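Worksheet for the structure shown next.
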Amino acid sequence: MGEFKLGFIGGGNMSTAIFKGVLKSGVQSASDIWVSGPHIENLHHWSDMGANVTTNNKTVFMNCDMIFLGIKVTKLSEVFQSIQHPKQLNKEVLFVSMLPGILINDLHKMIKYSLPLVKTTVLRIMPNTPTTIGAGICLYTPDNEVSVEQCSRFKKLLSGSALCEEIPEYLMDALGALTACAPAYMYVVIEALADGAVKQGVPRATAMRLAAQMVVGSGQMVLQSGKHPGLLKDEVCSPGGSTIAGIAALENGNLRATLINALEASTIRNKELGNK
Ligand SMILES: NC(=O)c1ccc[n+]([C@@H]2O[C@H](COP(=O)([O-])OP(=O)(O)OC[C@H]3O[C@@H](n4cnc5c(N)ncnc54)[C@H](OP(=O)(O)O)[C@@H]3O)[C@@H](O)[C@H]2O)c1
């Protein structure tokens, strides 16, 4: 990738997951990656893997061509203040925002204020933490000025770690709830199923491992069979059998309504976060 430099402002959980994925894809060497954060001691894992670390956000801005914003929404204006640059620059910068609820237009307003003469574009994304192990999803919406080349470079960087899917921005809050929040719902499901097995006398480690593998397999069945999940469910439920007995218990516990409500709560919260 030649002189291209990749940056991260904020080196926490999600940035780290993307960083590891980028290294795994092999398209960018760690020595061409910069990260900044207020506490250098929290960035040791980046320097251990060969990246350049700094407490100065401006250093990342000045050095890099594509910059992931991996900070909490509440830090956004502070970050743009820290990279203010009133002059022109001999390069174009692509900001990749993973901030929930923050519209591309609003980001452009902040950027225009801090970097009035710098040519910038914005790619809004919603990654998820399974990116760390190469099984992620990364939703993305480019602004109208992001070039085809910038987009394909972005996808290439994530190619080893996440399925990248372009979506219209208006779906970002709801689909982001599904892909970035719902992994946590699934961890609760796996833990609860394992608890159920433990209650029936199964050792904890075995219960957890097999519950997780079962969830992986069930997802793969939906993807690879092309069958509706309702039909797949019917195929497991023999009349008067043990599975339908369990399904009836799930319906008594309102599992479907609970999951629908959970997704709605996460979507609403995504929107609220953008208004902070
Ligand atoms: N985690 C997920 O599954 C996920 C998924 C999709 C999107 N997101 C979004 O991604 C963003 C980051 O989330 P996260 O889970 O990675 O949070 P996190 O682990 O708390 O990371 C936030 C990072 O920002 C750094 N930071 C704080 N103030 C800063 C400043 N002024 N300048 C530069 N860096 C600063 C923090 O450094 P210190 O720790 O040293 O203070 C920390 O490393 C959030 O907006 C989140 O909503 C997260």
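What do you reckon, is residue 115 of a type in the set (A, V, I, L, M), free of Cβ contacts under 8 Å to residues at least 60 places away in the same chain, in contact with a His (Cβ under 6 Å, 6 or more places away or on another chain) and away from the ligand (no atom under 12 Å from the Cβ)? Here the answer is yes, as residue 115 does meet what is asked. As an exercise: evaluate residue 86 against (1) of a type outside the set (D, E, K, R); (2) over 22 Å from the mean Cα position of the chain (by Cα); (3) near the ligand (Cβ under 9 Å from one of its atoms) and give the number of the one condition it does not meet. The number of the failed condition is (3). Pairing residues of segment 74-90 that are assigned by TED's automatic domain parsing to the domain that holds residue 63 and in contact (Cβ under 8 Å) with a residue 60 or more places away in the chain with residues that are among the small types (Gly, Ala, Ser) and more than 10 Å from the ligand (Cβ to nearest atom), at Cβ distances under 7 Å and at least 6 apart in sequence or on separate chains, gives 83/114.
Within the bounds of segment 57-71, is there any residue that is at pLDDT 95 or above, within 13 Å of the ligand (Cβ to nearest atom) and surrounded by fewer than 21 Cβ atoms within 10 Å (Cβ to Cβ)? Yes, there is a match, as at least one residue in segment 57-71 is at pLDDT 95 or above, within 13 Å of the ligand (Cβ to nearest atom) and surrounded by fewer than 21 Cβ atoms within 10 Å (Cβ to Cβ). If the condition is being near the ligand (Cβ under 9 Å from one of its atoms) and either part of a loop (DSSP other than H, G, I, E, B) or outside the structural domain of residue 93 (by TED's automatic domain parsing) (or both), then segment 10-42 contributes 10, 11, 12, 37, 38, 39. Within segment 181-196, the only residue that satisfies the criterion of being crowded, with 19+ Cβ neighbours inside 10 Å and either touching a residue at least 60 places away in the same chain (Cβ under 8 Å) or not assigned by TED's automatic domain parsing to the domain that holds residue 265 (or both) is 181.
Among helices (runs of 4 or more DSSP H) entirely within segment 214-276, having at least 1 residues that are among the hydroxyl-bearing types (Ser, Thr, Tyr) and surrounded by fewer than 13 Cβ atoms within 10 Å (Cβ to Cβ) singles out 242-252, 255-274.
Within segment 77-98, the set of residues being at pLDDT below 95 and either surrounded by 20 or more Cβ atoms within 10 Å (Cβ to Cβ) or hydroxyl-bearing (Ser, Thr, Tyr) (or both) comprises just one member, 77.
Just for helices (runs of 4 or more DSSP H) wholly inside segment 136-200: which have at least 3 residues that are within 14 Å of the ligand (Cβ to nearest atom), modelled with pLDDT of 95 or more and not charged (D, E, K, R)?
Numbers: elements: 148-158, 172-176, 182-199.
Here the list reads 172-176, 182-199.
The values are calculated or read from the model by the stated rules, or taken from the named source; none is laboratory data. Computed from a predicted structure; not experimentally measured. Note that each Cβ is placed from the backbone with ideal geometry, even for glycine, and that neighbours are counted across all protein chains shown.
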